Amino acid sequence: MWHKDTVEWIDIELTSYCNIHCPGCLRQEMNNEVGHILNKSYIKLNDLKKWIPPGYLPNLQVINFCGSVDEPTTHPQFIDIVDYFLSFTGVNIATNGSTRTVNFWKELGERKVSVFFGIDGIDQQSLEQYRVGSNFKKVQENWRTFINAGGKATWQFIVFDHNHHLMEKAKQMSIDEGFKKFRTIWSHRTNSGEVKYG
Ligand code: SF4
């Protein structure tokens, strides 16, 4: 049975904002239903403090800003939110990486948090096949700044038919660039017009 003392992991969608348009994202797939509530709201740090005060979940290990239907780094209070949770638990962040300034990514890296960068290609052309609106140069500048500042970066590569042949190159790039891990996941969003590989 569920009990607050057994909770170790919480996924939080911090905002209703995202700066890009992945075709398999529910933001796009269900746009007729949800379009009117997108890009309108942020969860406030004060509310997070009320909902999840230190010690309330005694076995909490990780707060995961999961980025499934939002881009957490667009939140204007993001660094303060990360600092709040880091004061009593671990933090993981999933991002498209094509946001903010290098100063922001430096500040995040200095906190030595774990960040999963969603990079499903090795250059602008291959990245934007799925990450529509993302800027490869900006993502690259941001991951380099983050890693150089001490952040723990994971390269997350969603495998599609269009990029399967680039997987080994991406893996080598992740090693050369100082990522701690390379993680593949297979696309399951089959209604998006994207094809599941294999
Ligand atoms: S980056 Fe994440 S939230 Fe934004 S469109 Fe892509 S899957 Fe959706």
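Computed from the coordinates by the stated procedures, all read-outs in this text should not be read as laboratory data. This one's a predicted model, so the numbers in the text were calculated from it and none came from an experiment. All Cβ positions, even for glycine, are placed from backbone atoms using ideal geometry, and neighbour counts span all protein chains on display.
The table below lists the values:
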read-out	value
The chain: Cys lacking any partner C-beta under 4.7 angstrom	C18, C66
Angle in degrees between helix 167-176 and the longest Cα principal axis of the chain, rounded to the nearest 10	60 degrees
Dipole-positive endmost among V115, G97, L166 within the range 85-190 (Cβ charges, Cα centre)	V115
For the chain, share of DSSP beta bridges that run antiparallel, in % to the nearest 5	10 percent
Long pairs among K50/K180; K44/K180; K112/K138; K4/K112, criterion Cα-Cα beyond 26 Å	K50/K180; K44/K180; K4/K112
Amide H contacts under 5 Å for G90, placed H, 5+ residues apart	V62, I63
For the range 107-121, 3J(HN,Hα) per residue [Karplus equation, 6.51 cos²θ - 1.76 cosθ + 1.60, θ = phi - 60°, Hz, x = Gly/Pro]	4, 5, x, 4, 7, 6, 7, 8, 10, 9, 8, x, 10, 9, x
Inter-centroid distance (Cα atoms) of the range 131-188 relative to the range 56-84, Å	21 Å
Burial ranking of peptide ranges 101-111, 169-179 (average Cβ count within 10 Å, highest at the top)	101-111, 169-179
Cα lying deepest toward the dipole's positive end in the chain, options P23, L38, Y56, charges on Cβ	Y56
